[in-house]
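As structure tokens, the structure follows; a few thoughts come after it.
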Amino acid sequence: MNYQCCSPLYKRTLTPLLLSALALAATSSVTAAEIPMTKAKNVIIMINDGAGWGTWDATAYWQYGSREKTPYAGFPIKYAMTTYPLNPSKQATFTADPLVNYDPLKAWEITPDEDKDLPFKGYKYLATNPTDSAAAGTALASGVKTYNNAINYDNNGKPIEFVTLIAKEQGKSTGVVTSVPFSHATPAAFAAQSASRNDYHAIAHQMLTSGKIDLIMGTGLPGFNVNGTDCQHLAEGESAVGCGKDAHTFLAEDEWRALQTNKIIPFNAHQPWKIVRTKDEFASLAEGSLSYTGPLLGSPNVAPSGTLQQGRQGAITGKDTATPSGDAFIRTVPTLKTMSEGAIKHLSQNDKGFFVMIEGGATDWAAHTSNACTGKGDWGNSYNPNCSGVEYGRLIEETADFNNAVSAVIDWVEKNSSWEETLLVVTTDHDNGMPMGPDAQKSAFQAVINKGKGHMPGISFRPTGNHSNSLVPLWAKGVGAEAFNARVRGTDAGYARYVGLNDGKFIDNTDVYQVVKAALEGNVVDKNTP
């Protein structure tokens with residue numbers, strides 16, 4: 001049985017003992033009845049990589065003034081989601097036994113812990129054996145829990161089917177869009193299969209030659225540094241990141257030469273990859289004045305090993321008080337919004353529809369600075385969430401860019417399609433840094449403090465520099481979205497009390513695959529589907 005709290009006031013005044021009792025309602029099986037599905041023409045999955053619930057809140061406060069004004073706030077489907085991996089190994093262990101789970105009783109435990117970085121038992125539990133983006137991406141794309149490091153490989157070392165292939169078999173156009181290197185873990189999870197996420201060259205080769213996807217957008221092509229400066233014209237003191245040995249980290253040099261000479265034609269395609277790089281080209285693609293019927297590779301003129309904006313040098317780009325970080329944006333690269341608009345414009349040329357995964361990848365990169373202040377363990381009694389090194393501003397910038405992309409996608413659906421034929425899922429793959437309020441090291445699970453639109457909210461990280469297995473939010477709308485109701489695993493009263501984005505009902509990340517697969521195939525979601 002799932003218990004729900006009756007009112008916001010009741011949720012706020014729950015005792016820890018009652019919270020624990022209610023958390024026992026969490027189950028590991030689906031209990032809802034079968035739900036008939038209508039076949040989806042288009043499916044769009046949007047993943048704000050590494051965004052914990054505090055990240056969503058902090059950005060909503062800065063960007064809109066409240067969480068109720070985000071573009072997905074009114075979506076009919078709102079759930080929390082578990083993200084833990086099968087096990088924390090970096091390679092297959094050839095056993096089906098899960099070594100990681102999510103226990104609501106332990107996740108919200110406020111008993112003090114001796115660890116200075118993780119001063120409450122709940123914090124420590126959530127930070128133990130966290131998922132990585134490969135295992136989390138695989139769960140979302142294939143419905144299979146696996147070891148950290150795996151890209152659509154199970155724990156027996158075997159490749160597994162992922163949802164993009166289902167769409168491709170139906171004759172739909174398929175694609176991946178990201179603000180980080182295109183062969184990185186999350187886009188790879190929707191486009192390739194590999195026993196190791198770090199085998200970037202092999203992953204990129206699959207993406208370019210297998211014919212599984214028709215559109216790729218992300219960084220990864222050489223020629224520019226983290227500020228979008230041509231590598232041949234770096235200013236004195238300007239970073240050479242992207243211009244040295246890392247120029248071909250994510251794409252082999254010989255593969256890049258082959259792309260430039262139109263020698264790579266994907267399986268079953270009739271044309272080579274068209275390369276789009278400049279901001280103007282991306283804008284033209286989004287507007288429809290630039291079109292191409294073959295496979296399209298869009299890679300902005302920025303460091304191949306970097307991101308659209310997160311890695312820029314403020315000393316080079318200049319200052320801008322209108323941005324959360326105070327640093328001016330690079331003016332020569334497109335936004336994730338423009339890239340998403342261009343991607344959908346390209347993919348929607350297909351009368352049979354399309355499948356696309358759009359990732360705000362650099363939110364995770366900013367969150368990985370969570371222990372950059374004074375070093376792990378050195379927090380003392382004067383913890384300062386605004387210390388230099390921790391990228392709260394860039395964390396918000398990246399999620400704001402993601403939010404703008406979501407708004408653009410919603411606008412496209414309502415103007416060019418309909419919610420009766422398109423499914424949109426908005427979520428993340430995992431939490432990173434456990435962002436909470438400014439005094440969360442002393443006050444367990446303190447919420448981020450809203451200081452108004454355009455003002456930096458009160459926020460702090462847990463200084464781990466890494467991911468956690470915290471529950472994360474999911475929103476969905478459109479054809480088949482109601483099938484998530486059949487995937488509820490339980491109710492977490494702690495999430496309802498401390499986060500309040502829903503009544504605590506949660507699903508698992510593998511359920512995203514099950515719902516999207518059912519939507520694509522027009523089948524039912526059975527309550528007994530594993």
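The values are calculated or read from the model by the stated rules, or taken from the named source; none is laboratory data. Just so it is clear, the model here is predicted, and its values are computed rather than measured. When we count neighbours, we look across all protein chains shown, and the Cβ atoms used for this are built from the backbone with ideal geometry, even at glycine.
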(request) Kindly list, by first and then second residue, each pair from a residue in segment 468-495 that is more than 16 Å from Val425 (Cα to Cα) to a residue that is modelled with pLDDT under 95 and among the aromatic types (Phe, Trp, Tyr), limited to pairs with Cβ atoms under 8 Å and residues at least 6 apart or on different chains. (result) Thr491/Tyr3; Ala493/Tyr3
(message) If I filter segment 106-125 for residues that are polar (S, T, N, Q) and touching a Ser or Thr at 6+ places or on another chain (Cβ under 8 Å), do I get at least one hit?
(response) no
(message) Suppose the filter is among the aliphatic types (A, V, I, L, M) and in contact with a helix residue (DSSP H, G or I) (Cβ under 8 Å, 6 or more places away or on another chain); does Leu105 pass it?
(response) yes
(request) Only residues in segment 448-462 that are in contact (Cβ under 8 Å) with a residue 40 or more places away in the chain and closer than 8 Å to Pro438 by Cα count as the first member; pair them with residues that are buried (at least 16 other Cβ atoms within 10 Å of the Cβ) and of a type in the set (S, T, N, Q), Cβ under 7 angstrom, at least 6 apart or cross-chain, and list the lot. (result) Ser460/Gln441
(message) I'd like to check something: does segment 26-44 contain any residue that is among the charged types (D, E, K, R), loosely packed, with under 14 Cβ neighbours inside 10 Å and at pLDDT 95 or above?
(response) no
(request) Tell me, please, whether a residue that is under 16 Å from Pro457 (Cα atoms) and modelled with pLDDT of 95 or more can be found in segment 401-411. (result) no
(request) Answer yes or no as to whether Ala96 is touching a Leu at 6+ places or on another chain (Cβ under 9 Å), farther than 26 Å from Thr491 by Cβ and hydrophobic (A, V, I, L, M, F, W, C). (result) yes
(request) Restricting attention to helices (runs of 4 or more DSSP H) lying wholly within segment 184-270, give those where 3 or more residues are touching a helix residue (DSSP H, G or I) at 6+ places or on another chain (Cβ under 6 Å). (result) 185-189
(message) Out of the residues in segment 299-348 meeting the condition of being without any contact (Cβ under 8 Å) to a residue 60 or more places away in the chain and in contact with an Asp or Glu (Cβ under 6 Å, 6 or more places away or on another chain), tell me which one is farthest from Thr369 (Cα to Cα).
(response) Ala328
(request) Among the residues of segment 438-490, write down those that are closer than 24 Å to Ser370 by Cβ, among the basic types (Lys, Arg) and crowded, with 22+ Cβ neighbours inside 10 Å. (result) Arg462
(message) Being of a type in the set (Gly, Ala, Ser) and not in a loop (DSSP other than H, G, I, E, B) is true for just one of Ala447, Ala483. Which residue is that?
(response) Ala483
(request) Identify all residues within segment 410-443 that are within 20 Å of His346 (Cα to Cα), part of a loop (DSSP other than H, G, I, E, B) and charged (D, E, K, R); write none if there are none. (result) Glu421
(message) For segment 141-180, which positions are without any contact (Cβ under 8 Å) to a residue 60 or more places away in the chain, assigned to a strand (DSSP E or B) and touching a Ser or Thr at 6+ places or on another chain (Cβ under 7 Å)?
(response) Ile151
(request) Considering (1) at pLDDT 95 or above; (2) more than 25 Å from Ala362 (Cα to Cα), say which one Ala96 fails and leave the rest. (result) (1)
(message) Every residue in segment 91-123 that is assigned to a helix (DSSP H, G or I), closer than 17 Å to Gln446 by Cβ and out of contact with any Phe, Trp or Tyr (no Cβ under 8 Å at 6 or more places or on another chain), please.
(response) Lys121, Tyr123
(request) Mind listing whichever residues of segment 287-298 are assigned to a helix (DSSP H, G or I) and either crowded, with 19+ Cβ neighbours inside 10 Å or touching a residue at least 60 places away in the same chain (Cβ under 8 Å) (or both)? (result) none
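What tally of residues in segment 33-90 results from selecting those that are in a helix (DSSP H, G or I) and in contact with a Lys or Arg (Cβ under 8 Å, 6 or more places away or on another chain)?
Of the residues in segment 33-90, 7 are in a helix (DSSP H, G or I) and in contact with a Lys or Arg (Cβ under 8 Å, 6 or more places away or on another chain).
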(message) Given (1) over 24 Å from the mean Cα position of the chain (by Cα); (2) not in a helix (DSSP H, G or I), identify the lone condition not met by Ser284.
(response) (2)
(request) Could you please give the count of residues in segment 215-228 that are buried (at least 24 other Cβ atoms within 10 Å of the Cβ) and not aliphatic (A, V, I, L, M)? (result) 6
(message) Checking the condition in contact with a His (Cβ under 8 Å, 6 or more places away or on another chain), β-branched (Val, Ile, Thr), closer than 24 Å to Ala189 by Cβ and at pLDDT 95 or above, which residue from Thr83, Thr55 passes?
(response) Thr83
(message) Quick check on segment 123-146: of everything there that is surrounded by fewer than 24 Cβ atoms within 10 Å (Cβ to Cβ) and among the small types (Gly, Ala, Ser), which residue is farthest from Pro159 (Cα to Cα)?
(response) Ala127
(message) What's the number of the only condition in (1) at pLDDT below 95; (2) out of contact with any Ser or Thr (no Cβ under 6 Å at 6 or more places or on another chain) that Phe445 fails to meet?
(response) (1)
